[in-house]
Amino acid sequence: MAILKVARLGHPVLRTPSEAVAKEVITSKKMQQFIDDMIETMHEYDGVGLAAPQVHVNQQIAVIEVKENQRYPKEAPVPLTVLINPRILRKSETFVDDWEGCLSIPDLRGLVPRVQTLELEAYNRKAEKIKISAAGFFARVIQHECDHLLGNVYVDRMRDLKTLSFLQEFMRYLY
Ligand code: NI
């Protein structure tokens, strides 16, 4: 296991659309090791999700897990989920505004509109096709990570950049 270096905003890898992973490769030792490293990196930096471009790899892989998290103390837990080649199949029409941060944009929070519920298809780390119905914060994290795989970050989705805040000021005035 290894903790990977996280790319920060401005690095072109974050703006490059990621390539799909060949199904046969998913169960390879190298890919399994990489997924483990992504999970370890997400845990190390208290992330609730991490996409491969954030660790300088433009492949369609994301990991998500919401445990008790000091960066997001109010959010409901989500079990460890590995998404490979995720495709959003259906989105609700209702948008909800909530706060997001990103390990590639350290120490900032912004208010981002996201659809409330969605259905998603992906491979898991065993190369099995999975379907997920997600709502609320889980749906939000999925949209955030899928955006990374397209070369987008949450700031691109903000309706009003005036809500952008440093974490310390966010906790003090906005939370
Ligand atoms: Ni992010």
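A short reminder: the numbers here are calculations on the coordinates, not readings from a lab. The structure displayed is predicted, hence computed values, not measured ones. Please note: Cβ atoms are built from the backbone with ideal geometry, for glycine as well, and neighbour counts cover all protein chains shown.
Structural remarks
- Ranking of T41, T94 by count of other Cβ atoms within 10 Å, fewest first: T94, T41
- Packing rank of 22-32, 105-115, where each peptide gets the mean count of other beta carbons within 10 Å, highest leading: 105-115, 22-32
- Dipole magnitude of region 43-166 about its Cα centre (Cβ charges: Lys, Arg +1; Asp, Glu -1), debye to nearest 20: 300 debye
- Mean sequence separation of contacting Cα pairs (under 8 Å, at least six apart), scaled by the length of the chain, corresponds to a relative contact order of 23 percent.
- Debye log10 I(q)/I(0) at q = 0.10, 0.16 Å⁻¹ for the chain, Cα point scatterers: -0.35, -0.94
- Residue order for M38, M171, fewest other beta carbons within 10 angstrom first, comes to M171, M38.
- Three-way shape call for region 104-162 based on the alpha-carbon gyration tensor, with the a/c threshold at 1.5: prolate
- Pairs exceeding 31 Å between alpha-carbon atoms, taken from K67/K91; K129/K162; K5/K29; K23/K67; K5/K91; K23/K74: K129/K162; K5/K91; K23/K74.
- Between 0 and 90°, nearest 10: helix 29-44 axis offset from the chain longest Cα axis: 20 degrees
- Per-residue extension of 0.36 nm, minus the Cα-Cα distance of A22 and L167, leaves a gain of 48.4 nm for this segment.
- Prolate/oblate/rounded label for region 1-96 (Cα gyration tensor, a/c 1.5): rounded
- Each label point was placed 7 Å from the Cα along the Cα-to-Cβ direction; for N152 and T94 their separation is 2.1 nm.
- Computed from Cα atoms, the angle from the helix 136-150 axis to the main principal axis of the chain rounds to 60 degrees.
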